[in-house]
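First up is the structure itself, then whatever we jot down about it.
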Amino acid sequence: VTALCDDISFFDYNPAGSSVLEQTEIALFHNAWIADSAMETLEGTMRINNFGMGLQFKCFYVPFTEYNLFGDKVAGNYYSETSLTMNMSYNFFAGYNFKGISLGYNVRGSWRNIPNYTDNQDDKVIDGSGFSQSSLGLMGDVGLLVRFNFFKHFNDLDPNLNFGLSINNIGLAFTGLNSEFQVDDALPTRINAGFAYRMMKNIIFTGEFRQPVNLLNIVSSERFSIASGVELNVTSFFDFEAGFLITGGNPRLSMGSQFLVKGVKMNINYTLDLTSSFNPVNHISLSARLLLGDRGRNTIKSEVQNKYAQ
């Protein structure tokens with residue numbers, strides 16, 4: 001997705017994508033893990049000529065239940081991680097033949113909420129115990145996107161080859177906000193480089209390289225990972241999608257479909273994840289994206305094409 005950037009999912013991969021999207025979009029994502037954890041996302045983006053912008057709200061949560069030494073339930077709440085992201089990007093030098101160089105950035109604030117827990121003596125909840133271990137993260141993303149034609153054997157006004165480069169989650173997190181203020185664990189910073197190639201009008205291949213970076217201790221950074229995907233446009237309103245991610249020796253495989261119904265684009269996706277556990281971890285993802293039009297850009301594009309033909 002670092003290079004594809006053809007819908008609102010650019011937020012988590014390459015912030016340069018908002019300045020090249022065809023449509024104004026509002027989206028709701030639901031990602032469910034079978035172990036009772038889930039992630040909800042609400043985001044929107046719009047483009048004014050070559051300038052793109054957007055906002056994203058995301059929340060990951062999982063039930064937090066505490067038991068005492070006798071196995072009795074003494075406290076119950078939710079562990080959560082919530083973030084708010086603002087995006088801006090601009091497509092420089094865009095014209096009829098050359099589609100421009102898009103540069104963008106995200107600014108993100110995140111809050112990790114730890115619920116209060118009890119002591120081991122009388123099972124009373126300790127006031128402020130969770131807040132002392134909660135954390136505030138401040139971070140940003142930067143991204144580059146270049147698009148052009150390469151070995152193109154079909155008629156289409158859009159370029160068929162994209163290159164993308166991004167750095168995600170550059171920043172620091174802090175904990176002990178009501179006690180011993182200190183820098184928290186390293187954020188999940190990573191460097192991404194990828195391509196997206198439309199070899200035929202209805203088939204797109206993508207490839208991506210990701211290198212995690214531990215900003216607090218560079219030498220302890222995790223190993224790189226490689227990802228790839230394919231999208232087959234079966235009809236104008238239905239797409240089939242599949243992909244894999246390999247980290248170390250363990251793969252993550254996913255497949256799903258995307259379909260358009262009266263201006264709402266739906267996506268249903270199933271993932272079998274072996275990257276984070278020796279036991280299979282299953283993900284089910286649902287998304288609905290509301291397409292709100294292109295602010296007249298397609299009309300102008302048609303006029304330009306007619307004048308060019310004349």
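Numerical summary
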{"quantity": "In the stretch 126-151, residue farthest from residue 111 (Cα to Cα) [restricted to those that are of a type outside the set (A, V, I, L, M) and in a loop (DSSP other than H, G, I, E, B)]", "calculated": "151"}
{"quantity": "First in the stretch 283-303 and touching a residue at least 12 places away in the same chain (Cβ under 8 Å), second anywhere and small (Gly, Ala, Ser), Cβ under 7 Å, 6 or more apart", "calculated": "284/32; 287/27; 288/27; 289/27; 290/263; 291/263"}
{"quantity": "Number of the exception - residue 82 against (1) open to solvent by less than 10 Å² (accessible area, probe 1.4 Å); (2) touching a Phe, Trp or Tyr at 6+ places or on another chain (Cβ under 8 Å)", "calculated": "(1)"}
{"quantity": "Flag if residue 154 is more than 22 Å from residue 208 (Cα to Cα), part of a loop (DSSP other than H, G, I, E, B), out of contact with any His (no Cβ under 6 Å at 6 or more places or on another chain) and in contact (Cβ under 8 Å) with a residue 40 or more places away in the chain", "calculated": "yes"}
{"quantity": "In the stretch 266-310, residue surrounded by the fewest Cβ atoms within 10 Å (Cβ to Cβ) [restricted to those that are under 17 Å from the mean Cα position of the chain (by Cα) and closer than 26 Å to residue 49 by Cα]", "calculated": "288"}
{"quantity": "When residues of the stretch 1-40 are limited to those that are under 13 Å from the mean Cα position of the chain (by Cα) and part of a strand (DSSP E or B), the one farthest from residue 263 (Cα to Cα)", "calculated": "39"}
{"quantity": "From 133, 211, residue being of a type in the set (S, T, N, Q), more than 18 Å from the chain's Cα centre (by Cα) and surrounded by 14 or more Cβ atoms within 10 Å (Cβ to Cβ)", "calculated": "133"}
{"quantity": "Among residues of the stretch 179-203, those that are in a loop (DSSP other than H, G, I, E, B), in contact with a strand residue (DSSP E or B) (Cβ under 7 Å, 6 or more places away or on another chain) and closer than 27 Å to residue 241 by Cα, counted", "calculated": "2"}
{"quantity": "Failed condition for residue 262, given (1) more than 20 Å from residue 243 (Cα to Cα); (2) touching a strand residue (DSSP E or B) at 6+ places or on another chain (Cβ under 9 Å)", "calculated": "(2)"}
{"quantity": "From the options 244, 237, residue that is over 17 Å from the mean Cα position of the chain (by Cα) and either within 30 Å of residue 151 (Cβ to Cβ) or not small (Gly, Ala, Ser) (or both)", "calculated": "237"}
{"quantity": "Test: residue in the stretch 106-116 that is surrounded by 15 or more Cβ atoms within 10 Å (Cβ to Cβ) and aromatic (Phe, Trp, Tyr)", "calculated": "yes"}
{"quantity": "Flag for residue 43 being of a type in the set (Asp, Glu) and assigned to a strand (DSSP E or B)", "calculated": "yes"}
{"quantity": "Matching residues, the stretch 65-118, being within 27 Å of the chain's Cα centre (by Cα) and free of Cβ contacts under 8 Å to residues at least 12 places away in the same chain", "calculated": "93"}
{"quantity": "Residue list for the stretch 136-179, restricted to those being over 25 Å from residue 305 (Cβ atoms), buried (at least 20 other Cβ atoms within 10 Å of the Cβ) and polar (S, T, N, Q)", "calculated": "166, 168, 169, 175"}
{"quantity": "Only one of 276, 228, 254 that is polar (S, T, N, Q), more than 20 Å from residue 26 (Cβ to Cβ) and either modelled with pLDDT of 95 or more or in contact with a Phe, Trp or Tyr (Cβ under 6 Å, 6 or more places away or on another chain) (or both)", "calculated": "228"}
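The values are calculated or read from the model by the stated rules, or taken from the named source; none is laboratory data. On a predicted model such as this, the values are computed, not experimentally measured, just so you know. Neighbour counts are summed over all protein chains in view; Cβ atoms, including those assigned to glycine, are modelled from backbone coordinates with ideal geometry. Protein only, heavy atoms only, side chains kept; ligands, DNA and RNA dropped before computing areas. Shrake-Rupley method; radii C 1.70, N 1.55, O 1.52, S 1.80 Å.
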